[in-house]
Amino acid sequence: MKKYTIVIVGGASSYTPGIVRSIMNAYTKMPLKKLILQDIDEENLEIMGKYLKIMFRDENFPAEVTWTTNRKEAFEGADFIFTQIRTGGLEMREKDEKVSLAHGLVGQETCGPGGFAFAMRSIHPMVKITKDVVKYAPDAWIINYSNPLPILAEAIRREVPQSKSLFICDMPIVQQMAMAATLGYEEKDLTFGYFGLNHFGWFTSIKNKEGEELLPKLKEILLSDKGITLVDFGHLDDSWVKTFNNISKGVKAFPEYIPLTYMQYYYFPEAMVKKSNPNYTRANEVMDGRRKRTFEECKAVIEADSTKGFTHNLDAHGDFIVDQAVAIAHDTNERFMVNIVNNGSFSNMDNDIVIETFGTIGENGAEVNKSIEIPEFYKSLMVTQNTYEKLTVDAALEGSYQKALKALALNATVPSVPKAKEILDALIEANKCYFPKLK
Ligand code: G6P
Ligand code: MN
């Protein structure tokens, strides 16, 4: 069987060990020849590289691991390039969240002004990385899970349309697992229907193998005292538990469908702000939790030159990424949630927008061959959100203050134009060395 060379861009992230574990677990389906970690953070890159080298050796895992800050060196000869960049790191995520909350607005990494700022920092780097992949590894597939995903997907659609890129998110899958558990099923035994944009969508159907529609039953449970059943997929920190419990509130507001977790920020922005602690946000939780745990373990393993006695406390979102790489490698045409250029899948929306829906993945990437009409209310919400996303890309690529202001004014978490201007100016100030110049 062919052996694969995989690059992780953003390899110094605390998510890397989980992704690598998933790659290792998939060995019989997609044997790894070489893993290359690439990052601009030299210090943590070396820690991660040394840690994984010891892990491969101790587990007799027959693959090589190397690391480099150089993209050309990393990309040449690669089969898959997984991208997980976070320009400015968790320190800038913390600023996004806290600056937004200080102005009375939703403080979240992908929704609202925080997501806007994250996008403004990431659009140019992501375009550059993708262009380098096309240049140095034209046959390689990029599997991107950097955020804010729909905005980066829109930038790549425009700027590097020839790239072989998939854009993936674990949130719908994690929610599917929770909904399945709530109904007393396994996720794999149910078929879900969904339409939306990434981090902005609705589940429209849940059927079991007999074809029975379970949506009414799920709504009933969600609206009862029992509520949703949580599953542990690295989403059991306090803030995530609250987020999953909020799905019920969304169902109560608009009972046709089950909203994706992230709709809480758009439906209930004031309540979300009220509940947030402006001095200790999700970025703090991650820095003090996952990041701290991961690097402490890496350093201890390097110090001991052994993985013996260490727990590898990982979350499983790597499995979702590797599953899609396997689908490409073996042309399985399995059903996955995909982010893709519309081209008629949502018949009453523009063809050239990036949407999120169910499709299949095979050697040519993602495909959707069903067309649905989106009900008016949901369509309007999506058009507004998508226009916000497109204006954000315009703002970054053209360096336009006006477009940035229009983007924020359209975001449903921002209540007025003066508020949009206030938060834009605050974010520009907080992102001095990261934002493109806006004129
Ligand atoms: C979900 C989303 C991802 C996001 C992550 C943040 O999994 O689908 O897009 O990156 O949450 O999680 P964190 O634990 O960093 O808050
Ligand atoms: Mn996501």
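Observations
- Filtering region 409-416 for residues that are open to solvent by 50 Å² or more (accessible area, probe 1.4 Å), in a loop (DSSP other than H, G, I, E, B) and closer than 30 Å to H330 by Cβ leaves an empty set.
- Selection of helices (runs of 4 or more DSSP H) fully inside region 256-372 by the criterion of at least 2 residues being touching a residue at least 60 places away in the same chain (Cβ under 8 Å) and among the hydrophobic types (A, V, I, L, M, F, W, C) returns 269-275, 282-286, 292-304, 317-329.
- Filtered residue count, region 308-332, keeping only those that are out of contact with any strand residue (DSSP E or B) (no Cβ under 7 Å at 6 or more places or on another chain), modelled with pLDDT under 95 and on the phi < 0 side of the Ramachandran plot: 11
- Against the numbered list (1) within 16 Å of ligand 1 (Cβ to nearest atom); (2) surrounded by fewer than 22 Cβ atoms within 10 Å (Cβ to Cβ); (3) farther than 16 Å from E109 by Cβ, P259 comes up short only at (2).
- Single residue of M177, M171 found to be open to solvent by 30 Å² or more (accessible area, probe 1.4 Å), within 23 Å of I321 (Cβ to Cβ), within 16 Å of ligand 1 (Cβ to nearest atom) and of a type outside the set (F, W, Y): M177
- The residues of region 341-359 that are open to solvent by less than 30 Å² (accessible area, probe 1.4 Å) and in contact with a strand residue (DSSP E or B) (Cβ under 9 Å, 6 or more places away or on another chain), listed by number, are N342, S345, F346, M349, I353, V354, I355, E356, T357, G359.
- Test: residue in region 110-120 that is farther than 18 Å from Y280 by Cα, in contact (Cβ under 8 Å) with a residue 40 or more places away in the chain, out of contact with any Lys or Arg (no Cβ under 7 Å at 6 or more places or on another chain) and surrounded by fewer than 21 Cβ atoms within 10 Å (Cβ to Cβ): no
- Filter result (part of a helix (DSSP H, G or I) and within 19 Å of G11 (Cα to Cα)) within region 125-145: P125, M126, V127, K128, I129, T130, K131, D132, V133, Y136
- Some residue of region 202-218 being open to solvent by less than 10 Å² (accessible area, probe 1.4 Å), within 16 Å of ligand 2 (Cβ to nearest atom) and within 17 Å of T357 (Cα to Cα): yes
- Among the conditions (1) within 15 Å of ligand 1 (Cβ to nearest atom); (2) buried (at least 19 other Cβ atoms within 10 Å of the Cβ), G289 misses just one, which is (2).
- In this entry, E389 passes the filter for residues that are open to solvent by less than 20 Å² (accessible area, probe 1.4 Å) and in contact with an Asp or Glu (Cβ under 7 Å, 6 or more places away or on another chain).
- Any pair with Cβ under 8 angstrom, 6 or more apart, that starts in region 227-238 at a residue that is of a type in the set (A, V, I, L, M) and at pLDDT 80 or above and ends at one that is in a loop (DSSP other than H, G, I, E, B) and open to solvent by 50 Å² or more (accessible area, probe 1.4 Å): L230/L236
The values are calculated or read from the model by the stated rules, or taken from the named source; none is laboratory data. Treat the numbers as computed from the prediction; the structure is a model and nothing was measured. Virtual Cβ from ideal backbone geometry, glycine too; neighbours counted across all protein chains shown. Protein only, heavy atoms only, side chains kept; ligands, DNA and RNA dropped before computing areas. Shrake-Rupley method; radii C 1.70, N 1.55, O 1.52, S 1.80 Å.
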